[in-house]
Every structure is written in structure tokens, then in C-alpha cells.
1. Which residues, counting only those in segment 1-37, are more than 21 Å from Leu87 (Cα to Cα), touching a residue at least 24 places away in the same chain (Cβ under 8 Å) and of a type outside the set (A, V, I, L, M)?
2. State yes or no: is Ala74 in contact with a strand residue (DSSP E or B) (Cβ under 6 Å, 6 or more places away or on another chain) and not in a loop (DSSP other than H, G, I, E, B)?
3. So how many residues does segment 26-58 have that are over 15 Å from Thr71 (Cα atoms) and charged (D, E, K, R)?
4. Mind checking which residues of segment 77-93 are in contact with a strand residue (DSSP E or B) (Cβ under 7 Å, 6 or more places away or on another chain), of a type outside the set (Val, Ile, Thr) and touching a residue at least 12 places away in the same chain (Cβ under 8 Å)?
5. Can you find a residue in segment 77-93 that is small (Gly, Ala, Ser) and in a loop (DSSP other than H, G, I, E, B)?
6. Step by step: first the residues of segment 17-61, then only those that are β-branched (Val, Ile, Thr) and in a loop (DSSP other than H, G, I, E, B), then the one that is modelled with the lowest pLDDT. Which residue is that?
7. For segment 60-87, name all the residues that are under 19 Å from Asp26 (Cβ atoms), hydrophobic (A, V, I, L, M, F, W, C) and open to solvent by less than 60 Å² (accessible area, probe 1.4 Å).
8. Mind telling me which of the residues Val29, Val57 ends up being open to solvent by 30 Å² or more (accessible area, probe 1.4 Å), closer than 20 Å to Leu91 by Cβ and among the β-branched types (Val, Ile, Thr)?
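The values are calculated or read from the model by the stated rules, or taken from the named source; none is laboratory data. Since the model is a prediction, treat every value here as computed from it, not as a measurement. Quick reminder, even Gly has a Cβ in these numbers, built from the backbone with ideal geometry, and neighbours come from all protein chains shown. Just so you know, the surface numbers come from the protein's heavy atoms only, side chains and all, with ligands and any DNA or RNA stripped out. Shrake-Rupley method; radii C 1.70, N 1.55, O 1.52, S 1.80 Å.
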Amino acid sequence: EGEGLKVVTANNGADGLRAAYREQPDLVVLDVMMREVDGWEILQRCKSDPELRDIPVAVCSVLDEAPLAETMGASGYITKPIRQADLLAVLTRWLGPLRPAA
């Protein structure tokens, strides 16, 4: 939010999917390790749904699984622990130049 972005969070995959449908975000940052439904399943659902498939998804994980994420349709990959510079680089790639919040 400090970069002038509206940030919407979700506590689990089901809430994240509902938020994606409702908000139609410019980008989704998706954690792989979640309870109930993992991030890979959420990524698969997003990329197979006509309403969500064009939304870029940046996957983040403690494991280095960038090739799998790319194969599944992810637009970017961030390895945890997430450094602010890495996150901002992914955001800038998909959203363009960021501006500090007023």
C-alpha cells in the first residue's frame, strides 16, 4: 500500500478466489503453502477459468519451484523469504512504475 497500490488479502485459497472474482485485480501474489487447498490448485483454477485466466499470478514459496510455476501459467515467481526489492520488481513488471502513496 505504501507504493500507491490497493492491497486485498485473503486467509486461504477459497477466500482468495472469491476476492479475485470480486476485485478482478491487476495482479495476484499467491502463496503455495496454504491449508485446505494449496496454491498450485488455486493457480490451476485461476488459469482454467475464463474470468480469471488473464490476471497475472506471481507465485511465492520457500521452495525454488519456478519452473513448475511457469509451466502452470504463473507470470512470476518469488522465493521466500521475500525481500521488498524482489516483490517491487515483480509488481513493477506487471503494473508499471509504482508511486508512493500520498
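1. Those that are more than 21 Å from Leu87 (Cα to Cα), touching a residue at least 24 places away in the same chain (Cβ under 8 Å) and of a type outside the set (A, V, I, L, M): Tyr21, Glu36.
2. no
3. Of the residues in segment 26-58, 8 are over 15 Å from Thr71 (Cα atoms) and charged (D, E, K, R).
4. Those that are in contact with a strand residue (DSSP E or B) (Cβ under 7 Å, 6 or more places away or on another chain), of a type outside the set (Val, Ile, Thr) and touching a residue at least 12 places away in the same chain (Cβ under 8 Å): Tyr77, Lys80, Leu87, Arg93.
5. No, that holds for no residue.
6. Ranking the qualifying residues of segment 17-61, first place goes to Val37.
7. Cys60, Ala69, Ala74, Ile78, Leu87
8. Only one candidate qualifies: Val29.
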